Amino acid sequence: QVQLVESGGGLVHPGGSLRLSCAASGSIFSTSAMGWYRQAPGKQRELVATITSGSSTNYADSVKGRFTISRDNAKNTVYLQMNSLKPEDTAVYYCNAEITARWTGARYAYWGQGTQVTVSS
């Protein structure tokens, strides 16, 4: 059984910062790509940022220069540092990880439960 648990969401003023964390736990052999996605009310889920096991990163154009994704492979944890937040960043943020299970060798993409980020004055 594999679980992704997110933390760090909340309410912040425009221009403020938040740091999201997502820790994977359970019967994990290895973790490949990890990433963050978000879904605003009435909109489809969209990619925010991804990071490979070798720490190559990819960002949505809307967050480039403001958000930074990083990971700690020893802890199976991915982070999203969000700076200069804007009201349009308001959404539920979900982490995603490609994980190979320890005993079966099966590889799946797992999702966290989501954490709310609200940017408002």
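Observations on the model:
- Of residues in the range 19-34 being of a type outside the set (Lys, Arg) and under 23 Å from PRO87 (Cα atoms), the one most open to solvent (accessible area, probe 1.4 Å): SER21
- Options GLN44, GLN39: the member that is under 17 Å from GLY8 (Cα atoms) and surrounded by fewer than 18 Cβ atoms within 10 Å (Cβ to Cβ): GLN39
- Within the range 82-102, the set of residues being more than 16 Å from GLN3 (Cβ to Cβ) and surrounded by fewer than 16 Cβ atoms within 10 Å (Cβ to Cβ) comprises ASN83, SER84, LYS86, PRO87, GLU88.
- Residues that are over 19 Å from ARG19 (Cβ atoms) and touching a residue at least 24 places away in the same chain (Cβ under 8 Å), drawn from the range 44-78: ARG45
- Filter pass, GLY16 being open to solvent by less than 40 Å² (accessible area, probe 1.4 Å) and not in a strand (DSSP E or B): yes
- Residue match in the range 66-77 (condition: open to solvent by less than 50 Å² (accessible area, probe 1.4 Å) and at positive phi): yes
- In the range 93-118, the qualifying residues are those that are of a type in the set (Gly, Ala, Ser) and assigned to a strand (DSSP E or B), and the one that is nearest to the chain's Cα centre (by Cα) is ALA97.
- Test: residue in the range 99-115 that is among the aromatic types (Phe, Trp, Tyr) and in contact with a Phe, Trp or Tyr (Cβ under 6 Å, 6 or more places away or on another chain): yes
- Candidates are the residues of the range 4-13 that are open to solvent by 30 Å² or more (accessible area, probe 1.4 Å) and under 14 Å from the mean Cα position of the chain (by Cα); the one that is farthest from GLN81 (Cα to Cα) is VAL5.
- Checking GLY105, GLY112 one by one, the residue that is more than 18 Å from GLN3 (Cβ to Cβ), open to solvent by less than 60 Å² (accessible area, probe 1.4 Å) and touching a residue at least 12 places away in the same chain (Cβ under 8 Å) is GLY105 and no other.
The values are calculated or read from the model by the stated rules, or taken from the named source; none is laboratory data. Everything quoted here is computed from the prediction, not taken from an experiment. Note that each Cβ is placed from the backbone with ideal geometry, even for glycine, and that neighbours are counted across all protein chains shown. Heavy atoms of the whole protein, side chains included, go into the accessibility calculation; ligands, DNA and RNA do not. Shrake-Rupley method; radii C 1.70, N 1.55, O 1.52, S 1.80 Å.
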